[in-house]
């Protein structure tokens, strides 16, 4: 299967299936000399892993990462870093009823049409389980970006279904299972999810991610624009149906006098561009918003067809996230980190260690 590698200089290749013996990633291009151990990566994996609250899938995976190569005496060597995460709690029998049918809204049908074969166990390659290796690789990128450039990447949930979540404080994000930046709204979110699970249905969410302190000058002016690469990687995340940067779709109603971020000797006066101008970072915070669709695997009976094209009724049992957006915040952080590290290395390769870019405004 092609299309499993991300990046040009910082390359991440993702492998495995939801119910296979293991999943993982090979990270190629990480500069040597970065202090790295499994605990650095495990911290991020623990934020994403399943079974951490009643509002997510109850699949119990420890998601313990193993570093198989690329690190010696606690430092990266510059060679490929192989990361392995073993699957320990797969229940493949839960999927026997849908082996020959297609869940509405899921990749079952398109995988079968493309390959003629598919692994129905947990969605196989199309499962959100495959986001764990991305988070592991992103942990390396986050650490390198923080140490080398002082870049801080963090995210939060800004909407759960019809419930808009006001931003109050970054300090609240780690204190609840929704990554919500408001403590006061958590009981409403919990009640909504409890009812949703009783209904056997699912819901979507909106996630925001911000990269603070990036330098100006990263990105390209045409095909490899920084914002284009960010949109590309975010759309590669399971269940994502929309990506916006900066003002996003709100720019439709803005006038040029409002949308264009004015510049003073002290800096920009606004950030409607989301930190990217002409495909190149401006030195402002890079802001990205991601829309995540409702989970396709639900208990409610839906119309579909089988492999023979006959009409069937599909009901998906087993352990599923009623909202995959609840665990998505660490994933979008990781994906943004991977793109930024790739562009950081590309900038260094083309323009040198310092480059011609002026200090951020």
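Read the figures in this text as sums done on the coordinates, not as results from a lab. Treat the numbers as computed from the prediction; the structure is a model and nothing was measured. Every residue, glycine as well, gets a Cβ built from its backbone with ideal geometry; the counts of neighbours run over all protein chains shown.
Worth pointing out:
- Principal-axis tilt of helix 329-351 within the chain, Cα atoms, nearest 10 degrees: 40
- With R₀ fixed at 35 Å, the C-beta to C-beta distance from residue 88 to residue 271 puts the FRET efficiency at about 0.20.
- Nearest 10 degrees, 0 to 90: helix 38-48 Cα axis against the chain principal axis: 60
- Two-site label geometry, residue 313 and residue 99: point separation in nm, points 7 Å out along Cα→Cβ: 2.3
- The modelled label-to-label distance between residue 149 and residue 250, using points 7 Å beyond Cα along the C-beta direction, is 2.4 nm.
- Per residue, the chain reaches -8000 deg cm²/dmol at 222 nm when only DSSP H runs of four or more residues are counted, each adding -39500 (n - 2.57).
- Cβ-to-Cβ counts within 10 Å put 202, 158 in ascending order as 158, 202, the fewest first.
- The Cα atoms of the stretch 225-273 define a convex hull whose projected area, averaged across directions, is 4.4 nm².
- Between residue 201 and residue 163, the modelled labels are 1.5 nm apart [label points 7 Å from Cα along Cα→Cβ].
- Centre separation in Å (Cα based) which lies between the stretch 201-250 and the stretch 261-314: 7
- Between residue 213 and residue 262, residue separation times 0.36 nm minus the direct Cα-Cα distance comes to 15.8 nm.
- R0 of 30 Å, Cβ-Cβ distance residue 301-residue 4: FRET efficiency to nearest 0.05: 0.30
- The chain: relative contact order as a whole-number percent, Cα under 8 Å and 6+ apart: 21
- Between the stretch 111-187 and the stretch 2-25, the Cα center-to-center distance that results, in Å: 17
- Quarter the surface of the alpha carbon convex hull of the stretch 207-321 and you get the mean projected area, 11.0 square nanometres.
- Sequence of 218, 144, 170, 112 once ranked by neighbouring C-beta atoms within 10 Å, starting from the fewest: 170, 112, 144, 218
- According to the calculation over all Cα-Cα pairs in the chain, the P(r) per 10 Å bin from zero is 5, 23, 31, 25, 12, 3, 0 %.
- The mean sequence distance of close C-alpha pairs (under 8 Å, at least 6 residues apart), as a share of the length of the stretch 166-292, puts its relative contact order at 31 percent.
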